[in-house]
1. Quick one: how many residues across the range 270-281 are touching a Lys or Arg at 6+ places or on another chain (Cβ under 8 Å) and either open to solvent by less than 10 Å² (accessible area, probe 1.4 Å) or not in a loop (DSSP other than H, G, I, E, B) (or both)?
2. Could you grab me the full set of residues in the range 1-22 that are of a type in the set (G, A, S) and open to solvent by 40 Å² or more (accessible area, probe 1.4 Å)?
3. From the residues in the range 234-259 that are touching an Asp or Glu at 6+ places or on another chain (Cβ under 7 Å) and either part of a strand (DSSP E or B) or within 24 Å of E160 (Cα to Cα) (or both), which one is most open to solvent (accessible area, probe 1.4 Å)?
4. Can you tell me which of (1) hydroxyl-bearing (S, T, Y); (2) buried (at least 20 other Cβ atoms within 10 Å of the Cβ); (3) farther than 19 Å from F19 by Cβ is the one S287 doesn't meet?
5. Scan the range 23-45 and give yes if some residue there is open to solvent by 40 Å² or more (accessible area, probe 1.4 Å), under 22 Å from W105 (Cβ atoms) and acidic (D, E), otherwise no.
6. I'd like the full set of residues that are among the hydroxyl-bearing types (S, T, Y) and modelled with pLDDT of 95 or more, limited to the range 1-19.
7. Quick one: in the range 141-167, of everything that is among the hydrophobic types (A, V, I, L, M, F, W, C) and not in a loop (DSSP other than H, G, I, E, B), which residue is surrounded by the most Cβ atoms within 10 Å (Cβ to Cβ)?
Amino acid sequence: MPHPSVVLATAGYDHTIRFWEATTGRCYRTLQYTDSQVNKLEITPDKQYLAAAGNPLIRLFDVNSSHPHPVITYEAHTNNVTAVGFQCDGKWMYSGSEDGTVKIWDIRAPGCQREYESRAAVNTVVLHPNQTELISGDQNGNIRVWDLTANSCSCELVPEVDTAVRSLTVMWDGSLVVAANNNGTCYVWRLLRGTQMITNFEPLHKLQAHNKYILKCLLSPEYCEPTKYLATTSSDHTVKIWNVDGFREERTLTGHTGWVWDCVFSVDGAFLVTASSDNSARLWELSTGEAIRVYQGHHKATVCCALHDGTEPSAV
């Protein structure tokens, strides 16, 4: 089978992962994920593998194979895995879980390499573009920076006491971090380098983005120039696109009839894919705000999506 130049996958509560032809909306492959629902999906930088995070396992599937079984299963978490991602060269994987831990894995081996204790259910984890810091947000409202070089927590902040941090996103150049919470608020900080090369958070903006839960916040990628955007998805069934310059609302994407759980930008920032508990995913053209494709086939809530439409990193 030819390797797709665009890899688009969705998953959720019906125990299946579906791969889609992005332009036609045709589902060309379905994988069974029998253990649990799938909470998060992430594609490796080289487009070879798809990580699917469930409860409590993470499974790695070969994107270009017709083989139905995972290549490897990671078993150290003891509760829902809520975050999963890869180092930029695909050398290692990170994850966060409601078991209160952030873990690092060697992709080639099933065992966990490192573990950090957040002491509350972890809802979100992002990797700083410098590839040496993980930032996590938890159910108690804590944001923590885990310094992978020093192997310790280098920074801790609580934007709103006892308000769960639902989603974190970092600008591709490491200049901004945004945290979205259960009150519909986004906190924005400038990231500054301190004297000891430790990241410092300088408050920049507080954005009341939605009146209900924000489930995902995401800053646009590097090639989305000259304007930078922030996308927020919400339990109010909408997605909002904000101009990072002043955090003005550019447009609201309407059409989903359930909670919008996840979103991912295309590599040029011109399109956005969303996943919703209305059992569908959608492809939006951001210049018009129109849903130009609906991906239908899941039988239950679709809560995660992954898209890789960029070039593969060149072999060094």
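1. 3
2. Step one: list which residues in the range 1-22 are of a type in the set (G, A, S), which gives 5, 9, 11-12, 22.
Selection gives S5 alone.
3. We begin by selecting, within the range 234-259, every residue touching an Asp or Glu at 6+ places or on another chain (Cβ under 7 Å); these are 240-243, 256-258.
Checking which are either part of a strand (DSSP E or B) or within 24 Å of E160 (Cα to Cα) (or both) leaves us with 240-243.
Values: K240: 39, I241: 4, W242: 15, N243: 15 Å².
Per the criteria, the residue is K240.
4. (2)
5. yes
6. Start the filter on the range 1-19 by keeping residues that are among the hydroxyl-bearing types (S, T, Y), which leaves 5, 10, 13, 16.
Of everything in the range 1-19, those that are among the hydroxyl-bearing types (S, T, Y) and modelled with pLDDT of 95 or more turn out to be T10, Y13, T16.
7. Within the range 141-167, the subset among the hydrophobic types (A, V, I, L, M, F, W, C) is 143, 145-146, 148, 150, 153, 155, 157-158, 161, 164-165.
Still in the running and not in a loop (DSSP other than H, G, I, E, B): 143, 145-146, 153, 155, 157, 165.
Details: I143: 22, V145: 21, W146: 23, C153: 16, C155: 16, L157: 14, V165: 28.
Of everything passing the filter in the range 141-167, V165 is surrounded by the most Cβ atoms within 10 Å (Cβ to Cβ).
Here's the yes/no breakdown for (1) in a strand (DSSP E or B); (2) in contact with a Gly (Cβ under 6 Å, 6 or more places away or on another chain); (3) closer than 18 Å to L168 by Cα:
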{"position": "T24", "(1), (2), (3)": "no, no, no"}
{"position": "L50", "(1), (2), (3)": "yes, no, no"}
{"position": "L134", "(1), (2), (3)": "yes, no, yes"}
{"position": "G137", "(1), (2), (3)": "yes, no, yes"}
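The values are calculated or read from the model by the stated rules, or taken from the named source; none is laboratory data. Just so it is clear, the model here is predicted, and its values are computed rather than measured. Because the Cβ atoms are built from the backbone with ideal geometry, glycine has one as well, and the counts that use them run over all protein chains shown. Just the protein is used for accessible areas: all its heavy atoms, side chains included, with ligands, DNA and RNA removed. Shrake-Rupley method; radii C 1.70, N 1.55, O 1.52, S 1.80 Å.
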